[in-house]
Amino acid sequence: MEARPEPLGIVAGRGGLPGAVAAEVMAAGRPVVQFALVGMAEPIPGAIHVPFTPYKIGQLTTGAARHGVRDLVLAGKVDRPNPLKVGVDLGTLRFARLLLSARQGGDDRVTRRVSRALETLGFHVVSVAEVAPALIARPGVLGRHAPSAGAKADIAAGLAVVRGIGALDIGQAAVVHR
């Protein structure tokens, strides 16, 4: 008898990414537990649904223990709630300073701090690329038409801008026009 794979936990925010990740993971035969951020995430069909109020880490750790989750992926847009208005649980108190400071900075800084906090709890935080590689664009030309020399120059300029704003954690994309 083949052992059932360990479930993947998806800390799910807004948008279609959590569901797309779950669909890929479940199609590969791995069960999914959705830790649905209350007020943000839509239920994912086929996944075990565990409501998760931001800043209430106890809900996450209890649900993960109940369902045997060790691997977590963070997916979807997350609104930054005010921890002073949401309230916390006992599981969160040990991370209060870290989570309050995580509100400062760009999305990359916040995500890295939250990931580190989750790892101190014994979770293994994985990327979308690791668990659903089909969702990641392949390098190279994706359509029927290759970019012209002028378009390649625009792409290079855009990449330089993206690298710069990424290093400063102030943005995630750039648009180059003419």
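The values are calculated or read from the model by the stated rules, or taken from the named source; none is laboratory data. Remember, it's a predicted structure, so these values are computed and weren't measured experimentally. Heads up, the Cβs are rebuilt from the backbone with ideal geometry, glycines too, and the neighbour counts pull from every protein chain shown. Keep in mind that these areas ignore ligands, DNA and RNA; they rest on the heavy atoms of the full protein, side chains included. Shrake-Rupley method; radii C 1.70, N 1.55, O 1.52, S 1.80 Å.
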note = To the nearest 20 debye, region 1-64 has a Cα-centred charge dipole, built from +1 on Lys and Arg Cβ and -1 on Asp and Glu Cβ, of 160
inquiry  = Once ligands and nucleic acids are excluded and a 1.4 Å probe is used, how much of Lys77 is accessible, expressed in Å² to the nearest 10?
reply    = 120
query = Expressed as a whole number of Å, what is the distance separating the alpha-carbon centroids of region 152-171 and region 1-73?
reply = 33
key: Where His145, His49 fall by accessible area, highest first, once all protein chains stay in place (1.4 Å)   = His145, His49
List Arg144, Arg14, Arg116, ordered by accessible area with a 1.4 Å probe, largest first = Arg144, Arg116, Arg14
key: In Å², nearest 10: area of Ile57 left accessible to a 1.4 Å probe   = 20
remark   = On the accessible surface of region 100-170, probed at 1.4 Å with all protein chains in place, carbon and sulfur together account for a percent value of 60
ask   = By per-residue mean of other Cβ atoms within 10 Å, what is the highest-first order of 38-48, 65-75?
value = 65-75, 38-48
query = Quick one: with all protein chains in place, what share of the accessible area of region 1-68 is carbon or sulfur, to the nearest percent (1.4 Å probe)?
reply = 58
